[in-house]
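Written below as structure tokens is the structure these notes are about.
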Amino acid sequence: MIGAWLTRVVRHVTGVQAVFDAMTGLSADIGALRIDVEATSAHVQSIRAHTWHAKETAHASVLATLAAADGRYSHPLSLTRHRSQVYSQNGEDGMLAEIFQRIGLPDRPFFVEIGVEDGQENNSRLLLEQGWHGVWIEASETAAAEARNTFSHSIRSGDLRIIVAPATAENVNALLDQADVPADFDLLSVDVDQNTSHIWRAIERRSRVACIEYNASLPPARAVEVPYDPGATWDGTNWYGASLKSIENIGAVKGLALVGCDFVGANAFLVAKDKAVGRFREPFSAEAHYELPKYSLLSHIGHRPSREARQWVVRHDSNRA
């Protein structure tokens, strides 16, 4: 009796073990299948991304060719063709250099840039490293700390002040007061995505030159912008900022003329009107200077930029008439 009972127990345990082993094997197969599915999904997403990028690049290239056909880049007073890139994202370094070559510089030029991240890639770093002085305003504590570390020498020398605060239309003038920004200075750059136009409109100080982000997805002939919301941030879509016509109009109120845009359609350049006439391509309108969005067309041009703060030697051996 006991022997038969033990036999049944052994058979039962053996059966349970077999089921357990089978389930373990099945679980392993499911895990492997999940990995295969995830790998396949990632591969498909990669293919889609590359396909989209190739399509976007080809599309932008065609549109850029059509835009070039109107002669704007070959015009002797064109600004866009002077793009070059050291630390700027879209060739702004070269365009700003050309602007100040045409309108002249004081002995100690001053800049203000709002939205600089860690200072590695922006529109005024090259100017700082060529003897300019000025102010950076950055919302991120982490990014500002990195900028302070990298550009500590410029801070100690008094050439650079970094203000950590999210700029809004309500506080931007107080932030400029805090940084001792003069009433009149040389360059203002504003790139805070969502509320760029509202913040720029609120600034009471005057700059001879402004580099202002615009939304190239919006028709250039229409003065359109997102409603002001100081707490809003860019969501990665084309719902942000203002059209080029809005930027033109804000500039006109400030005595600035729209003289060009960077090639990829990210920033507009404006110059004091009395300095712009005869030095830049006219008319000074959004319709004449609009650049459609070509964000994926260009990556960094040339060698990678230095991550260390540098000091360039500026020579004045000869000057253009």
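Consider segment 156-172. How many of its residues are assigned to a helix (DSSP H, G or I) and crowded, with 16+ Cβ neighbours inside 10 Å? Matching residues across segment 156-172 total 1. The set of residues in segment 252-292 that are assigned to a helix (DSSP H, G or I) and not acidic (Asp, Glu) comprises 252, 253, 273, 275, 276, 286, 288, 289.
The lone criterion from (1) among the hydroxyl-bearing types (Ser, Thr, Tyr); (2) surrounded by fewer than 24 Cβ atoms within 10 Å (Cβ to Cβ); (3) under 24 Å from residue 99 (Cβ atoms) left unmet by residue 189 is number (2).
None of 212, 250 is under 26 Å from residue 98 (Cα atoms), in contact with a strand residue (DSSP E or B) (Cβ under 7 Å, 6 or more places away or on another chain), at pLDDT 95 or above and surrounded by 14 or more Cβ atoms within 10 Å (Cβ to Cβ) except 212. Taking segment 215-227 as the range and being in contact (Cβ under 8 Å) with a residue 24 or more places away in the chain and in contact with a Lys or Arg (Cβ under 9 Å, 6 or more places away or on another chain) as the test, the residues that pass are 216, 218, 219, 220, 221, 223. Does any residue of segment 299-313 turn out to be aromatic (Phe, Trp, Tyr) and closer than 30 Å to residue 155 by Cβ? Yes, segment 299-313 has at least one match. Per the conditions (1) in contact (Cβ under 8 Å) with a residue 60 or more places away in the chain; (2) crowded, with 22+ Cβ neighbours inside 10 Å; (3) within 20 Å of residue 270 (Cα to Cα), the sole criterion not satisfied by residue 88 is (1).
The values are calculated or read from the model by the stated rules, or taken from the named source; none is laboratory data. Everything numeric here is computed off the predicted structure, so don't read it as measured data. Cβ sites come from the backbone with ideal geometry, for glycine too, and all protein chains shown count toward neighbours.
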